[in-house]
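Asker: Please read through the structure below; I'll follow up with questions.
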Amino acid sequence: MAAIFTQSIKQHPLHINVAKLVRCEQIHSAIVRSVDSRAWGTVVPGCDGLVTKTPGTILAIRTADCFPIAMADETRQAWGIGHAGWKGIYKGIAESLVRAMAQLSGRPESMRVWIGAGIGSCHFEVRQDVAQLFPESVVQRDGKLWVDLRKEIERRLLAVGLDKNKINAD
């Protein structure tokens, strides 16, 4: 997969130095690792999020139904990225990402967040065992249970002190 990604980047004019790319293993956890230039060109094992202050570092994750979460503190030159599937969201990946960023940059209120595309509540039908994990984000429709994971991520980010106006969830 990494070879296909690298070849794809070489064929398109993105001007990305793939030697500085760092990706996390993605194990559906709430584990976030801080990286620097020593991690360039690697897949960091045992985590679903990465943060850095090292200029030139490109943080990457892969998603399908899961949500990418990107975070930046421009005043302190720190940034991070997280892979947020339902298991990781339940375990606290959004909160862990904020805490890891705060260790690098200081204050959650100065962070800006982007939540990328992921499975919508119109498609994420669940059984009661999963629904009970997200009581504030469950939607009942046609006698079935659905979870709005984007809403759950936003709710959790707000709960740890992020400014609603700095959360982009489009």
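Asker: Amide H neighbours of Ala78 under 5 Å, at least 5 residues apart or on other chains, H built in the peptide plane: list them.
Answerer: Placed amide hydrogens put Asp73 under 5 Å from Ala78.
Asker: Another one. How high is the relative contact order of segment 119-163? Use alpha-carbon pairs under 8 Å, at least six apart in sequence, and give a whole percent.
Answerer: After rounding, I find 39 percent.
Asker: A further question follows. Let me confirm the definition first: pairs of Lys residues in the chain, 8 or more apart or on different chains, C-alpha distance under 19 Å. How many are there? Walk me through the numbers before you get to the answer.
Answerer: Working: Lys10/Lys20; Lys20/Lys53; Lys87/Lys151; Lys91/Lys151; Lys151/Lys164; Lys151/Lys166.
Here the count comes out as 6.
Asker: Using a 1.4 angstrom probe on heavy atoms only, work out the carbon and sulfur share of the accessible area of the chain in %.
Answerer: The C+S portion of the solvent-accessible surface of the chain is 52 percent.
Asker: Over the chain, what is the mean sequence separation of C-alpha contacts under 8 Å (at least six apart), divided by residue count, expressed as relative contact order in percent?
Answerer: 18
Asker: Apply the Karplus parameterisation 6.51 cos²θ - 1.76 cosθ + 1.60, with θ equal to phi minus 60°, to every residue of segment 103-109 and state each ³J(HN,Hα) to the nearest whole Hz, in sequence, with x for glycine and proline.
Answerer: Rounded to whole hertz, the list is 5, 7, 10, x, 10, x, 5.
Asker: Nearest 5 percent is fine: what portion of the DSSP beta bridges confined to the chain is antiparallel? Intermediate values should be presented prior to the final figure.
Answerer: Details: 21 of 32 bridges.
Among the beta bridges of the chain, antiparallel pairing accounts for roughly 65 percent.
Asker: Indicate, rounded to the nearest 5 percent, the antiparallel portion of the DSSP beta bridges found entirely in segment 82-169.
Answerer: 75
Asker: Cα centroid distance between segment 96-170 and segment 35-50, in Å?
Answerer: That distance is 24 Å.
Asker: Would you pull out the residues with amide H under 5 Å of Val139's amide H, same chain only if 5 or more places away, H placed 1.01 Å from N?
Answerer: Here the answer is Trp146, Val147, Asp148, since their amide H atoms fall under 5 Å of that of Val139.
Asker: Counting trypsin sites (Lys or Arg not before Pro) as exposed when in a DSSP loop with at most 13 other beta carbons within 10 Å, what is the longest stretch of the chain free of them?
Answerer: Looking at the chain, 63-126 is the longest stretch - no exposed trypsin sites (Lys or Arg not before Pro) with at most 13 other Cβ atoms within 10 Å.
Asker: Hey, can you grab everything whose amide H is under 5 Å from the amide H of Ser34? Only 5+ residues off in sequence or another chain; H modelled, so Pro and N-termini drop out.
Answerer: Excluding prolines and chain starts, which carry no amide H, the hits are Val51.
Asker: Each residue of segment 124-129 in order: what ³J(HN,Hα) in whole Hz does its phi give by Karplus 6.51 cos²θ - 1.76 cosθ + 1.60, θ = phi - 60°, with x for Gly and Pro?
Answerer: Residue by residue, segment 124-129 yields 9, 7, 10, 8, 4, 4 Hz.
Asker: Specify the residue with the greatest mean-square fluctuation among Val98, Val18, Val113, computed from a Gaussian network of the chain linking alpha-carbon atoms under 10 Å apart.
Answerer: The residue that fluctuates most here is Val18.
Asker: Return a whole-number percent for the relative contact order of segment 26-85, with Cα pairs under 8 Å and 6 or more residues apart as the contact set.
Answerer: 35
Asker: About the Cα centre, and with charges only on the beta carbon of Lys, Arg (+1) and Asp, Glu (-1), how big is the dipole of segment 33-108? Nearest 20 debye, please.
Answerer: The calculated dipole for segment 33-108 is roughly 160 debye.
Asker: Further, regarding this structure: Mind listing the phi-derived Karplus ³J(HN,Hα) values for segment 72-83, rounded to whole Hz, using 6.51, -1.76 and 1.60 with θ = phi - 60°, and x for any glycine or proline?
Answerer: 8, 10, 5, 5, 10, 6, 10, 8, x, 8, x, 9
Asker: Of Thr52, Leu149, Ala117, which is farthest along the charge dipole of the chain in the positive direction, counting Lys and Arg as +1 and Asp and Glu as -1 at C-beta?
Answerer: Thr52
The values are calculated or read from the model by the stated rules, or taken from the named source; none is laboratory data. Since this is a predicted model, take the numbers as computed values, not measurements. Because the Cβ atoms are built from the backbone with ideal geometry, glycine has one as well, and the counts that use them run over all protein chains shown. SASA here: full protein model, heavy atoms, side chains in, ligands and nucleic acids out. Shrake-Rupley method; radii C 1.70, N 1.55, O 1.52, S 1.80 Å.
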